[in-house]
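Asker: Pasting in a structure now, in structure tokens, and then I'll have a few things to ask.
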Amino acid sequence: MKVRKAVIPAAGLGTRLLPATKSVPKEMLPIVDKPTLQYVVEEAVKSGIEDILILTNRSKSSMEDYFDYHPELEEKLRASGREEEADAIRGIADLANIVFMRQKETLGLGHAVYCARSFTGDEPFAVLLGDDVMDGEKPVTLQLVEAAEEYGCSAVGARHVALDQIGKYCTLRYEEMPGEDKIFRLLDAIEKPRPEEIFSDFAILGRYVFTPGIFTALADQKPGYGGEIQLTDAIARLAKRETVLAVDFEGRRFDTGNVPGYLETVVEYALSSPEYGGWMREFILKKARELS
């Protein structure tokens, strides 16, 4: 089992970031000097992914333009001696074999993944949510890929979250795997659980690796929470049929799909930037003094 393909669902309307997302996809909002989506694509590439499908909608053609060549811009940059910048612009289009498909109806994350079945065929594949940025020494997707390839099964990225926040995510029932301290066997999952439904404080956060078996689970999946086809519901059904791993991944997750999460991400990445980090630290200290 070798994972070479990835799917990035990016068709959501971004309503938590309005009015900015009325015309700019939330995945294209910049984190310092790169759009959110580029960080996600780069994580996939660093995890050994060669082919990437990005699911979009009718208002997100800018994503396709961004990952294409821009000869006029490159020519202008080279003419002014800015070779390094021109190479960087061309390199964006060469990150991987990236294709696009429109999700004509936004019926839930499960529906989005099901739309990718013709792209993935009978191969295993990764799923990376387009507004979740992961920062870790080893790419989070690679951690899942390694676990999935070792055990020949699906794997999801999971972390412990505060119990008073679990209702915003999902809850997992799981058991230990012999000889493993970061990899568990997933037994059941509930999306957006009510207090009486909570199995644990362990929740799936934005990264997945699936065998083609997920499509069998999704094929007749009924709408769940919010009237949408929930991927979590299909994962729970898949876990009844074949092994699904829950990997307690190492790294930090940034949720850029809401205003506080987006601002936190921008500040954190600016502080860690070799070019802008020093300026950002001085700016924050200056503002702190002014406000004290």
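The values are calculated or read from the model by the stated rules, or taken from the named source; none is laboratory data. Worth saying up front: this structure is predicted, and the values here are computed from it rather than measured. With ideal geometry, Cβ positions are generated from the backbone for all residues, glycine too; neighbour counts draw on all protein chains shown.
Asker: Would you confirm whether or not the range 203-215 contains a residue that is part of a helix (DSSP H, G or I), hydrophobic (A, V, I, L, M, F, W, C) and touching a residue at least 40 places away in the same chain (Cβ under 8 Å)? Don't jump to the end; show me each part of the working.
Answerer: Step one: of the range 203-215, the residues part of a helix (DSSP H, G or I) are 213-215.
From what is left, the residues that are hydrophobic (A, V, I, L, M, F, W, C) are 214-215.
Of the ones still in play, those that are also touching a residue at least 40 places away in the same chain (Cβ under 8 Å) are 214-215.
Checked the range 203-215: at least one residue is part of a helix (DSSP H, G or I), hydrophobic (A, V, I, L, M, F, W, C) and touching a residue at least 40 places away in the same chain (Cβ under 8 Å).
The rows are residues; the columns are (1) without any contact (Cβ under 8 Å) to a residue 12 or more places away in the chain; (2) surrounded by fewer than 23 Cβ atoms within 10 Å (Cβ to Cβ); (3) among the aromatic types (Phe, Trp, Tyr); (4) touching a strand residue (DSSP E or B) at 6+ places or on another chain (Cβ under 7 Å).
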position	(1), (2), (3), (4)
VAL127	no, no, no, yes
GLY157	no, no, no, yes
LEU163	no, yes, no, no
LYS168	no, yes, no, no
GLU175	no, yes, no, yes
GLY226	no, yes, no, no
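Asker: Hey, another quick one. In the range 82-122, which residues are of a type in the set (D, E, K, R) and out of contact with any His (no Cβ under 9 Å at 6 or more places or on another chain)? Walk me through how you get there before you give the answer.
Answerer: Of the range 82-122, the ones of a type in the set (D, E, K, R) are 82-85, 87, 90, 94, 102, 104-105, 117, 122.
Listed by number, the residues that qualify are ARG82, GLU83, GLU84, GLU85, ASP87, ASP94, ARG102, LYS104, ARG117, ASP122.
Asker: Still on this structure, I have one more. Would you confirm, using the coordinates I've provided, whether GLY81 is without any contact (Cβ under 8 Å) to a residue 12 or more places away in the chain and part of a loop (DSSP other than H, G, I, E, B)? Steps first, please.
Answerer: On the way: without any contact (Cβ under 8 Å) to a residue 12 or more places away in the chain: yes; part of a loop (DSSP other than H, G, I, E, B): yes.
Judged against the criteria, GLY81 is a match.
Asker: Also, quick follow-up: Checking the structure you have, find out if any residue of the range 233-255 is more than 27 Å from PHE119 (Cα to Cα) and among the β-branched types (Val, Ile, Thr).
Answerer: No, every residue in the range 233-255 fails to be more than 27 Å from PHE119 (Cα to Cα) and among the β-branched types (Val, Ile, Thr).
Asker: Would you pick out the residues in the range 39-57 that are charged (D, E, K, R) and either at positive phi or in a strand (DSSP E or B) (or both)?
Answerer: If we filter the range 39-57 for residues that are charged (D, E, K, R), which is where we start, we get 42-43, 46, 50-51.
Matches in the range 39-57: ASP51 only.
Asker: Out of all the residues in the range 267-287, is one or more modelled with pLDDT under 95, under 17 Å from the mean Cα position of the chain (by Cα) and charged (D, E, K, R)?
Answerer: No; the residues of the range 267-287 include none that is modelled with pLDDT under 95, under 17 Å from the mean Cα position of the chain (by Cα) and charged (D, E, K, R).
Asker: While we're on this one: So which residues in the range 175-202 are within 16 Å of ARG237 (Cβ to Cβ) and assigned to a strand (DSSP E or B)?
Answerer: ARG185, LEU186, LEU187, ASP188, ALA189, ILE190, GLU191
Asker: Just checking, how many residues over the range 6-38 are buried (at least 22 other Cβ atoms within 10 Å of the Cβ) and either in a helix (DSSP H, G or I) or touching a strand residue (DSSP E or B) at 6+ places or on another chain (Cβ under 7 Å) (or both)?
Answerer: Within the range 6-38, residues that are buried (at least 22 other Cβ atoms within 10 Å of the Cβ) and either in a helix (DSSP H, G or I) or touching a strand residue (DSSP E or B) at 6+ places or on another chain (Cβ under 7 Å) (or both) number 10.
Asker: May I pose another question? Looking only at the range 51-65, filter to residues that are at pLDDT below 95 and surrounded by fewer than 18 Cβ atoms within 10 Å (Cβ to Cβ); which one of those is nearest to GLN143 (Cα to Cα)?
Answerer: Ranking the candidates gives GLU64 first.
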